[in-house]
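Right, one structure below, let's go through it.
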Amino acid sequence: MTMFRAKNLLLAAMLLLGGCGNPKTEYAIGDYNDILPKPLSVVEGEGIFSITKQTTLCYDAELQPIAEYLQLYIPFRRTVEGRTPNSLSMAVDNSMAEEEYRLEVTAEGITLVGGGYGGVFNGVQSLLQMLPRAYTKGAELPMRLRCGTLCDKPRFSYRGLMLDVARTFIPAEHVKRYIDLMAHHKFNKLHLHLADDEGWRVELKSHPEFAIEGGYRGGDAKIWARYGKFDEAWGGYYTQQELRDIVAYASQRNIEVIPEIDMPGHSRALAQLRPDILCNYTPDTSSWGGRDLRNAWCVAKEQNYALIEDIVRELAEIFPSPYLHIGGDEVALALGYHIWSKCPDCRRLMQERGYTSYMQLQDIFTERVASILLRHGKRPAVWNEAIEGGRLDTSTRVYGWEGVKECRQSIAGGYPTIVMPGPYFYLDMRQSKNEVGHKWAGCFDAEHVASFDLTSQGFSAEDIGRIEGVEAAFWSEIYIANEPEKCDYLDYMLFPRLCAVAEIGWCNAHRTWSELKGVLRKAHYDRLAEMGVVFRLETPQVKISEGQLVASVEDGSTLYYTDKFSSKLHRYREPLDADLASQVAFHSEYRTGKSAPAALKAYYKGRRPKVVVTTSLPLRKRDSVAKMAEYKQVRTSRALDAGEWIEYRFEEPVECRRITFATGHPHLHRCIMEYATVEVSYDGKRFEKVGNLDCGKITFEPKDEVYALRIVTTGKSDAEPSVIVQPLAIS
Ligand code: TNX
């Protein structure tokens, strides 16, 4: 059933139930079975309760922050402590589990009882989802609710979302918006990744320059640009006041904020400000364009631990969470050799202890940091690699990101474990092949996330009993290239995949994709629209049928198409000429939601006219100019300087609409030629300039048949040890 049809039926049902003629009440009335995540038990009652201007809100004093929150959505005119008839009464019952609740709606009134603040708050979310226009702020009374009883509690005590605010800064107001969206899905932990190679985002009173300088990269900033925006100092940081404000905002919404400073690896931003944290040796930087790319703290430097104590002391005061996440991932990965292997002090330390692996050395670091945390009343949390050294205390919480295997190892080691294997929980992965996003852990949409099942993944009942919970993650290397000021890309990456994660964290038996899809179409896409979320709709089907190009959607959304060579949007009403298959892409829209573009293969397949390539670029051994001429991606063996060049000379002059020359990873502005000019020749002899690369890329429309193309660098490549050249794209 399409969402439109569903709504009409509900409207009809409402009228039958005696809905009055006031147009403001003509919104679909909520159904307990559409609450997301799915409640443990639902008993539907008879009849309707109307919240009117006379309805009072009654609550225990400790629930005051919830009462204030609730009034953002339901304009109760009267609030009182204690109980009255015709009321919504909220109370705590200590005999229930903290996050458990019972919501009862009868013709006389609404009773919401929770085991604690969190339980009542969870009940409020279910109640809000039952409203005719769930989550509309400032909606008007009366509001009609179906009678019924919910008994509900979460499967896991930890239901988290990680936001990487280090690669792409997410301003405080946007973080608060995501806190709201999390709360609406009964998430209770926000993990903020506050420092990485590309930025430091926390104001420290003891070291103000960390944020003031470490929060910006590119332009004349001290931190090198990576991932785009090269010409301006770009970024930001949170003041301590803003962070306290975020913590309070989250806490009112039953969300704990867990800060992370990724150490000892992933610390290049800090190392650029404080090279003294690095090991005591001079690396060979000749293939790194003269930049010192090292990004790990030296384990053997005593003064490093004093600096870490400064950091921990301040973070511990800002964040009430019992945990501080100290990272611990990918220490060896940065440069092709282990950073510690060339350090005389680290090697001596290993020798003294008889250690044979760098993971054991990492244990020394982690144990030292853990003891600092302990002094400041905090426990450590780490990424799964950090336990490989084998010595960390089991009070350490482990976030299993690499895979199910690593999660199970952590559980077997007795660590409280957060399950978040990348191939299901990394929402920075693209959702289908031709979309934008990472792909190292796969391309997957909400259907795939919803298919995650602990038991079929090999977790035993005993394992499951020892899992603290689940977490979705959004890493933001790619976000920066996608108008972060608008949130649209992040919304699109999170929703509805995050809805599926919410179900996995909350429900003992979560909905299958077909059930979840039903709820999305019938109720939850509308709720997301009321929340203002730019969510992703299911991808339209496109095919050639009876000689025509036909597009269709199952979810009742509206289809559009665009032509590759013009930005104009057309409404799709009837099949198109099959010849357009290489030229048009379809997508659908419903309220604030949008699908991925869908097109036939011909649309994505570029032309590959015969070409001869010559270049001054130092290509890696396994790459060659022949590969470039075969339209394959190649990589250089070092960073580039000014004055290096590539020339493409076509065997026959090429007539085409558009040419794209791009460097760096596809979709990721990394390993790019930062500064270069592009010239074209329309006669094979004279060259004229068409422009400069922008974020490593240029697209232009040739005026005439193209004989040759030349790219000349005018400055250093980005802060990476190599440059990637993408195949020329000609259409
Ligand atoms: C792996 S997850 C990383 C991050 C990247 C992410 C991209 C983890 C602990 N490390 O540094 O941003 O992949 O998906």
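The values are calculated or read from the model by the stated rules, or taken from the named source; none is laboratory data. Note that the coordinates shown come from a computational prediction; the quantities given were computed from them, not determined experimentally. Cβ atoms come from the backbone with ideal geometry, glycine included; neighbour counts cover every protein chain shown. For accessibility, only protein heavy atoms count, side chains too; no ligands or nucleic acids. Shrake-Rupley method; radii C 1.70, N 1.55, O 1.52, S 1.80 Å.
At a glance:
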| item | result |
| --- | --- |
| Formal net charge of residues neighbouring M96 (Cβ-Cβ distance under 10 Å; K, R +1; D, E -1) | -2 |
| Long-range HN-HN contacts of E256 with modeled amide H, under 5 Å | K189, L190 |
| Contact order relative to length of the chain, as percent, for alpha carbon pairs under 8 angstrom and 6 or more apart | 10 percent |
| Cut-off 14 Å between beta-carbons: net charge of the residues surrounding G228, Lys and Arg +1, Asp and Glu -1 | -4 |
| J(HN,Hα) series, region 115-132, from Karplus relation 6.51 cos²θ - 1.76 cosθ + 1.60, nearest Hz, glycine and proline x | x, x, 3, x, x, 4, 4, 4, x, 4, 5, 5, 4, 4, 5, 7, 5, x |
| Furthest towards positive pole of dipole, G422, Y69, L569, structure part the chain, Cβ charges | L569 |
| Point-charge dipole on Cβ atoms (K/R +1, D/E -1) for region 530-583, about Cα centre, debye to 20 | 200 debye |
| Rounded percent of accessible protein surface that carbon and sulfur make up, region 545-678, 1.4 Å probe | 46 percent |
| Listed residue pairs exceeding 29 Å between alpha carbons, taken from K405/K433; K342/K716; K486/K716; K439/K594 | K486/K716 |
| Charge dipole (the chain, unit charges on Cβ, about Cα centre) - positive-most of G593, I258, Q726 | Q726 |
| Whole-Hz couplings from phi, Karplus 6.51/-1.76/1.60, listed for region 378-388; x for Gly and Pro | 10, 9, x, 10, 9, 6, 4, 4, 4, 8, 5 |
| Solvent exposure of region 613-731 as accessible area per residue, Å², 1.4 Å probe | 45 Å² |
| Rounded percent of accessible protein surface that carbon and sulfur make up, region 403-472, 1.4 Å probe | 49 percent |
| Whole-Hz couplings from phi, Karplus 6.51/-1.76/1.60, listed for region 191-207; x for Gly and Pro | 9, 9, 8, 8, 8, 7, 4, 9, x, 10, 10, 10, 5, 10, 5, 6, 9 |
| Computed lengthening from D704 to A642, 0.36 nm per intervening residue step minus Cα-Cα distance | 19.4 nm |
| Label-reachable residues, region 690-716, where backbone N falls under 13 Å from a point 7 Å from T677's Cα toward its Cβ | 690-693, 710-715 |
| Cα principal axis extents for region 571-655, largest first, Å | 52, 35, 23 |
| Where region 214-315 is the region considered: accessible area per residue in Å², 1.4 Å probe | 34 Å² |
| Test item: Cα-centred dipole of the chain, Lys/Arg +1 and Asp/Glu -1 on Cβ, debye | 1080 debye |
| Sorted peptide list for 42-51, 307-316, 589-598, criterion being average Cβ within 10 angstrom, highest first | 589-598, 307-316, 42-51 |
| Chymotrypsin sites (Phe, Trp or Tyr not before Pro) within region 422-531: DSSP coil, no more than 15 neighbouring Cβ in 10 Å | W440 |
| Between region 76-93 and region 342-361, the Cα center-to-center distance that results, in Å | 64 Å |
| Range of Cα positions in the chain per principal axis (Å), largest first | 87, 75, 45 |
| Amide H within-cut-off set for V611, under 5 Å, with H built and near neighbours excluded | E651 |
| Difference of contour (0.36 nm per residue) and Cα-Cα distance, S451 to R658 | 70.5 nm |
| Amide H within-cut-off set for A195, under 5 Å, with H built and near neighbours excluded | D262 |
| Summed side-chain charge close to Y560 - residues other than Y560 whose Cβ falls under 9 Å, Lys, Arg +1, Asp, Glu -1 | 0 |
| Beta bridge orientation in the chain: antiparallel %, DSSP, nearest 5 | 60 percent |
